[in-house]
Amino acid sequence: MTGDALLSVEDLTVEFDTTQGTIRAIEEVTFAVHPGETVCLVGESGSGKTVAGETLTRLIPTPPGRVVDGSVTFDGQDLTAASERELRSIRGNRIAHVFQNPQNALDPAYTVGDQVAETIELHRDDPNAHERAIELLDRVDLPRPATAAGKYPHELSGGVKQRVVIAAALAADPDLLIADEPTTALDVVTQAQILRLLADLQAERDLSVLFVTHDLGVVSEVADRVVVVYAGRVMERGPVEDVLEDPAHPYTRALIASLPGRGESMEPLRGSFPDPVDRPDGCLFHPRCPHAVEECRETVPPEHDVLRSRYAGESATPNRSAACVYYGENHDSAELDRGEHDATEIPAEREGDSP
Amino acid sequence: MTGAETTDEPLFRSVDWENETGRTWSPSPSTWFALAGLAAIGLLFAYDLLVVPPNQPVVGGWDAPIIDWLLLVSLVLFFGYALLPLASQDRTRRRLWAQVRNRPAVAASVAWLVVVLLLGTVGYAILGKPTKHLTIPYQPPAFLTRDPFLPGRCVGAVVGGQCHGTLQHPLGTNVYGEDVAKLIVSGMRVAVTLSLVTATILVSIATLVGTVAGFVGGRVDAILTGYVDFQRTVPAFLVYVIFAFVTKPSLLVLIVVFGFLNWGGIAHVVRSEVKAVREAGYVRAARSAGAGRLHVLRHHVLPNVSGGIAVATTRQIATLILIEAAISYLELNDVMVRSWGEIAASGMGQWFPLNWWVVAGPGLALVFTVVAVSVVGDAIRDVFDPRGVP
């Protein structure tokens with residue numbers, strides 16, 4: 001399935017220079033997005049998922065950010081080697097972004113019609129850009145689109161603004177949409193409408209979507225495949241049903257167990273998110289992992305295939321893996337299903353959260 | 001482009017972007033206006049320089065000194081880049097109108113400034129310089145009387161030994177028998193020149209330096225900000241006084257000194273606003289849509305900091321008009337330039353306060369103007385506030 005990927009990210013490592021030292025925002029992140037598919041990057045705040053999304057078209061500020069290693073291949077072209085000019089012709093045109101907060105994603109100085117038209121005009125001379133902008137506003141279900149096009153952002157609600165942002169993102173007909181928490185700032189009802197709209201647009205246009213979110217509820221609705229990220233490293237990946245219904249990695253399990261409203265009592269994750277400047281050795285999750293053993297402290301576990309699937313029983317499932325020693329050759333992953341290991345002592349809570 | 005554009009094409013169609021050429025420079029209406037205006041001034045200037053003999057008037061009776069050329073350039077830039085955008089953008093026009101309608105102080109201030117601008121440019125050209133009538137000094141304003149001690153014959157009726165003012169000189173006359181109303185109009189000319197030419201210099205330099213510092217950041221920012229901080233320790237007033245002694249006092253020197261030394265405060269405002277806007281979500285969104293740095297700067301950063309520039313500039317202008325009056329009072333000015341400060345100062349001699357109208361007229365004009373500039377500056381701030389009422 002790697003041959004026909006629209007986007008493939010390999011071993012991507014991004015660092016930021018800060019006054020406290022160098023922060024490794026993402027480390028050796030690998031994933032691929034195929035045409036028409038939705039891949040979810042899932043992780044807590046500060047896990048590096050946003051950086052991963054923005055590094056693809058090099059939107060991260062450089063300096064302080066820089067790509068240390070790895071490659072981003074989009075439709076056969078290596079974007080890490082592309083010039084700024086080449087990237088400009090790709091941004092918006094072939095890879096579009098929708099960001100988290102629609103409140104400030106629209107310029108207060110322009111009408112929303114102008115802003116949708118801007119994306120079109122950035123990529124071609126189109127005298128009818130304004131009419132097309134109104135068509136697009138109609139397509140994202142704005143009532144009375146011609147009137148709405150003349151409104152300023154502060155005259156619109158958050159949900160309507162996010163529709164405008166989506167219209168602007170899709171205006172130049174991109175192949176890949178990077179949606180970074182597009183529904184997080186919205187209420188649940190609006191959230192459902194926006195997700196529905198995105199799904200419709202995706203089906204209509206055979207659009208590939210890289211969906212960045214912390215919300216597992218959203219993941220279950222939109223994703224085809226899931227990549228779970230913790231502190232900048234991929235912990236687990238696989239088809240959405242497998243990962244959510246039968247999580248392999250202890251982190252994914254803890255994440256799901258911390259959700260409210262699943263019948264059982266919710267269990268918050270123990271300990272705190274690692275200090276980005278002083279990251280733990282070995283498996284990044286080991287200080288918080290109830291199953292951690294000596295080996296976890298010493299070596300970074302590679303991604304092991306997870307040879308089980310909810311649907312295929314014990315047979316090997318392609319593209320399902322977890323970066324956990326228990327899935328290695330010398331361990332039995334069934335041990336993860338039996339309570340906690342005594343070998344771990346939980347370190348005291350550390351001050352300072354992730355950026 | 002591939003394919004002809006027809007209406008029944010799908011909404012999202014594929015376009016051969018490879019064959020798209022880069023977009024060409026498309027000037028805004030403001031730039032068109034400014035270019036046309038500057039070209040016209042350039043032609044007139046060339047005509048004056050090459051065809052018209054020296055010390056001969058260019059048009060009518062007007063032999064333009066350098067400061068008038070600067071005023072013309074400033075007027076073109078002021079109309080093109082301040083009034084035209086304010087009037088042509090739906091949002092700003094609507095909000096400005098709302099301000100004028102709902103706030104009497106704003107309406108009065110705008111009205112006064114329009115009067116000053118019109119009388120100071122067009123009106124002055126029609127009315128001409130006030131003429132001296134040495135036989136009729138110290139005529140009182142219309143409907144008022146003057147103290148019998150004041151010298152000079154009385155133009156109006158003398159009733160009960162008291163000289164009454166006439167409508168011929170509605171605001172009275174000064175020691176030379178010059179009409180105070182005409183003097184005030186000539187002071188408007190000075191105020192308009194002083195304000196617009198200085199503002200043009202201030203805004204140009206401050207916007208350039210502030211934008212570059214804020215947008216580029218890093219070492220460039222550090223160097224520019226360091227220089228601005230250093231320059232702000234040089235008092236423009238003192239530099240003007242030194243120039244006034246070394247050369248001779250003139251309005252041009254005042255404008256140049258204050259224009260080139262006082263932009264630091266505005267540059268600081270521009271820089272900090274550019275830094276804030278640069279991090280705004282809509283700038284990130286524009287970049288993610290494929291906008292280059294120059295596009296982001298022209299279309300997203302500058303429009304969103306222009307309100308801050310306008311406000312900071314109006315503050316400077318109000319202060320500068322007062323400083324000019326102070327300089328006139330200290331007699332460090334060019335006495336041939338009849339500014340409000342100069343007229344008022346010349347009235348504060350031997351007969352003061354019996355000849356109070358010579359001081360009160362230009363003094364009130366000065367106060368009205370300074371207050372009006374500040375009130376309009378505040379209104380502009382509200383007009384540009386993104387969260388303000390539509």
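Here is a yes/no grid of residues against (1) touching a residue at least 24 places away in the same chain (Cβ under 8 Å); (2) of a type outside the set (K, R); (3) under 26 Å from B:Q350 (Cβ atoms):
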| position | (1), (2), (3) |
| --- | --- |
| B:R91 | yes, no, no |
| B:R95 | yes, no, no |
| B:A105 | yes, yes, no |
| B:V110 | yes, yes, no |
| B:P140 | yes, yes, yes |
| B:V155 | no, yes, yes |
| B:L171 | yes, yes, yes |
| B:I184 | yes, yes, yes |
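Does B:F352 satisfy the criteria of being in a helix (DSSP H, G or I), surrounded by fewer than 19 Cβ atoms within 10 Å (Cβ to Cβ) and not basic (K, R)? In short, no. Just one of (1) in a loop (DSSP other than H, G, I, E, B); (2) charged (D, E, K, R); (3) at pLDDT 85 or above fails for B:E5. It is (3). Whenever a residue of the range A:224-243 is in contact (Cβ under 8 Å) with a residue 12 or more places away in the chain and within 13 Å of A:T38 (Cα to Cα), its partners that are surrounded by 24 or more Cβ atoms within 10 Å (Cβ to Cβ) and small (G, A, S), lying with C-beta atoms within less than 6 angstrom and at least six residues away or across chains, give the pairs A:V240/A:A223. Among the residues of the range B:345-357, are any over 26 Å from B:Y240 (Cβ atoms), at pLDDT 85 or above and touching a Pro at 6+ places or on another chain (Cβ under 8 Å)? Checked the range B:345-357: at least one residue is over 26 Å from B:Y240 (Cβ atoms), at pLDDT 85 or above and touching a Pro at 6+ places or on another chain (Cβ under 8 Å).
Restricting the range A:81-104 to residues that are without any contact (Cβ under 8 Å) to a residue 60 or more places away in the chain and more than 7 Å from chain B (Cβ to nearest Cβ), which is nearest to A:L195 (Cα to Cα)? Only one residue fits best here, namely A:I90.
What number of residues within the range A:105-117 are facing chain B (nearest Cβ under 10 Å), among the small types (G, A, S) and more than 28 Å from the chain's Cα centre (by Cα)? The qualifying residues number 1. Across the range A:158-170, the qualifying residues are those that are more than 8 Å from chain B (Cβ to nearest Cβ) and in contact (Cβ under 8 Å) with a residue 24 or more places away in the chain, and the one among them that is surrounded by the fewest Cβ atoms within 10 Å (Cβ to Cβ) is A:G158. Which residues, counting only those in the range B:73-89, are out of contact with any Phe, Trp or Tyr (no Cβ under 9 Å at 6 or more places or on another chain) and either farther than 24 Å from B:V305 by Cα or in contact (Cβ under 8 Å) with a residue 40 or more places away in the chain (or both)? Answer for the range B:73-89, where residues must be out of contact with any Phe, Trp or Tyr (no Cβ under 9 Å at 6 or more places or on another chain) and either farther than 24 Å from B:V305 by Cα or in contact (Cβ under 8 Å) with a residue 40 or more places away in the chain (or both): B:V73, B:S74, B:L75, B:L77, B:F78, B:A82, B:P85, B:L86, B:S88. Does B:S328 fit the bill of being in contact with a His (Cβ under 8 Å, 6 or more places away or on another chain), hydroxyl-bearing (S, T, Y) and crowded, with 23+ Cβ neighbours inside 10 Å? Criteria not met by B:S328. Scanning the range B:211-234 for residues that are basic (K, R) and assigned to a loop (DSSP other than H, G, I, E, B) turns up just one, B:R232. Being part of a helix (DSSP H, G or I), over 26 Å from B:F78 (Cβ atoms) and among the basic types (K, R) holds for only one residue in B:R271, B:R287, and it is B:R287.
Scanning the range A:211-224 for residues being surrounded by fewer than 21 Cβ atoms within 10 Å (Cβ to Cβ) and either of a type in the set (D, E) or in contact with an Asp or Glu (Cβ under 7 Å, 6 or more places away or on another chain) (or both) gives a total of 4. For the range B:353-385, a residue qualifies if it is over 15 Å from B:T314 (Cβ atoms) and among the small types (G, A, S), and the qualifying residues are B:A360, B:G361, B:G363, B:A365. Considering every residue within the range A:227-246, establish whether at least one is closer than 16 Å to A:Q162 by Cβ and under 14 Å from the mean Cα position of the chain (by Cα). The answer is no; no qualifying residue exists. Suppose we filter the range B:314-344 for residues that are of a type in the set (K, R) and either outside any helix (DSSP H, G or I) or closer than 14 Å to B:V253 by Cβ (or both); how many remain? Final tally of qualifying residues: 1.
Out of A:T183, A:T147, A:T111, one residue alone is closer than 27 Å to A:A223 by Cβ and of a type in the set (S, T, Y). It is A:T183.
Selection over the range B:272-295 of residues that are within 10 Å of chain A (Cβ to nearest Cβ) and of a type in the set (D, E) gives a count of 1.
Among residues of the range A:118-135 that are more than 7 Å from chain B (Cβ to nearest Cβ) and free of Cβ contacts under 8 Å to residues at least 24 places away in the same chain, those with a beta-carbon under 7 Å from a residue that is assigned to a helix (DSSP H, G or I) and of a type in the set (A, V, I, L, M) at least six positions away or on a different chain give the pairs A:E121/A:A129; A:D126/A:I120; A:A129/A:A117; A:A129/A:I120; A:H130/A:A117; A:I134/A:A146. For the residues B:V239, B:V253, the requirement of being touching a Phe, Trp or Tyr at 6+ places or on another chain (Cβ under 6 Å), modelled with pLDDT of 90 or more and either surrounded by fewer than 20 Cβ atoms within 10 Å (Cβ to Cβ) or away from every other protein chain (no Cβ under 14 Å) (or both) singles out B:V253. In the set (1) of a type outside the set (F, W, Y); (2) surrounded by fewer than 21 Cβ atoms within 10 Å (Cβ to Cβ); (3) modelled with pLDDT under 85, the condition left unmet by A:A248 is number (2).
The values are calculated or read from the model by the stated rules, or taken from the named source; none is laboratory data. Bear in mind that the values here come from a model prediction, so they are computed numbers and not experimental data. Cβ: placed from backbone, ideal geometry, glycine included. Neighbour counts: every protein chain shown.
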